[in-house]
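Q: What follows is a single structure, and I will ask about it in a moment.
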Amino acid sequence: MSETRIEILASGIWQTTSTVICNDRNCLVVDPGYFPRELADLVRIIPSDTTVKALFFTHSHWDHIVGHGIFPGVPVYTSSMLAQSVAEGGELAVRAMAKAHEFDSKWYVERPWGYAWPVDVRGLDDGGHFNVGALDIEAFLIPGHHPDCMAIRAENYLLVGDYLSPCEIPFVDDLAEYRRTLQRLLTLITGDIEAVIPGHGPRLSAEDACRIAREDLRYLENITCCAERNDAIAALHIALPRAEDVVGMREHHAENCRKAGIAITF
């Protein structure tokens, strides 16, 4: 098999990652973003003799999907849930593009291709596969951060979207699902995984990714215990797994607690 090459670009906003996976003369781009100048840089790192055969969206949050227009006509793979919402003009799809438009408008970002979804969006179920040339990609449904989240495995690389970031704490949509996803990710990061690529921040070794997963499990278990006791004071003082000094993380912690049924205020 031809050598698989991975390139990662981090955006100036939230270290949002765009990942290019090349094998032979075929290429997959995961979560292209964010600013148009950054997307132009993304195109430039793709070898001139290589064709972008597909895009993949890990989930529908706007910072991960709005850059697709730099690759017009390229098919997009994502979760069946998101693909169905795009096809039906559902709330999930409409809200994502509306949020992107709102952010760009606020910061005067000009996006030449606008805010329409790609024409060719292909849904994947848990355990689904697709191919980019000789490269076989396996997809895994990993809800908890958002219902439509998916990870993919490409040879010895695992791309996990908005999980396991060294830059931030978990952003929880469903706490029980998030915990199950972390436990599943620990089983997916097996001995032959060379690197784990989160949606925000640098690539991780398998060891570092597992360490972050365990830290996040302990953090969410602490929230769960506080929720069972209805102990808002203890929940307020739970230590964050990392990013304690990052502006906004304590507010995100409060939101995580609210998702568990604990109302806390600062």
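Q: Give the stretch 65-120 a look and list any residue that's touching an Asp or Glu at 6+ places or on another chain (Cβ under 7 Å) and either exposed (fewer than 13 other Cβ atoms within 10 Å of the Cβ) or of a type outside the set (Ser, Thr, Tyr) (or both), or say none.
A: 75, 76, 81, 82, 92, 111
Q: Among 48, 60, which is without any contact (Cβ under 8 Å) to a residue 24 or more places away in the chain, of a type outside the set (Lys, Arg) and in a loop (DSSP other than H, G, I, E, B)?
A: Values: 60 fails: without any contact (Cβ under 8 Å) to a residue 24 or more places away in the chain.
After ruling out the rest, the residue left standing is 48.
Q: Give just the number: which of (1) under 20 Å from residue 61 (Cβ atoms); (2) touching a residue at least 12 places away in the same chain (Cβ under 8 Å) does residue 247 not satisfy?
A: The number of the failed condition is (2).
Q: Could you grab me the full set of residues in the stretch 250-266 that are part of a loop (DSSP other than H, G, I, E, B), over 17 Å from residue 182 (Cβ atoms) and of a type in the set (Gly, Ala, Ser)?
A: 261, 263
Q: Now, a different point. Across the stretch 192-249, what is the total count of residues that are in a loop (DSSP other than H, G, I, E, B), of a type in the set (D, E, K, R) and farther than 26 Å from residue 158 by Cα?
A: So the answer is 3.
Q: On to the next question. Would you confirm whether any residue within the stretch 22-44 is outside any loop (DSSP other than H, G, I, E, B), touching a strand residue (DSSP E or B) at 6+ places or on another chain (Cβ under 8 Å), free of Cβ contacts under 8 Å to residues at least 40 places away in the same chain and among the basic types (Lys, Arg)?
A: no
Q: Looking at the stretch 39-54, is at least one residue under 18 Å from residue 109 (Cα atoms) and surrounded by 19 or more Cβ atoms within 10 Å (Cβ to Cβ)?
A: For the stretch 39-54, residues under 18 Å from residue 109 (Cα atoms) and surrounded by 19 or more Cβ atoms within 10 Å (Cβ to Cβ): present.
Q: Run down 100, 139, 96, 176 and say which single residue is within 22 Å of residue 198 (Cα to Cα) and part of a strand (DSSP E or B). Steps first, please.
A: Numbers: 100 fails: part of a strand (DSSP E or B); 96 fails: part of a strand (DSSP E or B); 176 fails: part of a strand (DSSP E or B).
After applying the criteria, what remains is 139.
Q: Can you say whether residue 227 is in contact with a Leu (Cβ under 7 Å, 6 or more places away or on another chain) and not basic (Lys, Arg), as far as the supplied structure shows?
A: Criteria not met by residue 227.
Q: Now for a separate question. For residue 32, which of the numbered conditions (1) on the phi > 0 side of the Ramachandran plot; (2) buried (at least 23 other Cβ atoms within 10 Å of the Cβ); (3) not charged (D, E, K, R) fails to hold?
A: It is condition (1) that residue 32 fails.
Q: Also, quick follow-up: Among residues belonging to the stretch 235-261 that are over 11 Å from residue 222 (Cβ atoms) and among the β-branched types (Val, Ile, Thr), point out the one that is surrounded by the fewest Cβ atoms within 10 Å (Cβ to Cβ).
A: 247
Each reported figure results from applying straightforward, stated rules to the coordinates on display, with no laboratory input. Remember, predicted model here, so these are calculated numbers, not experimental data. Ideal geometry is used to build each Cβ from the backbone, glycine not excepted, and the neighbour counts take in all protein chains shown.
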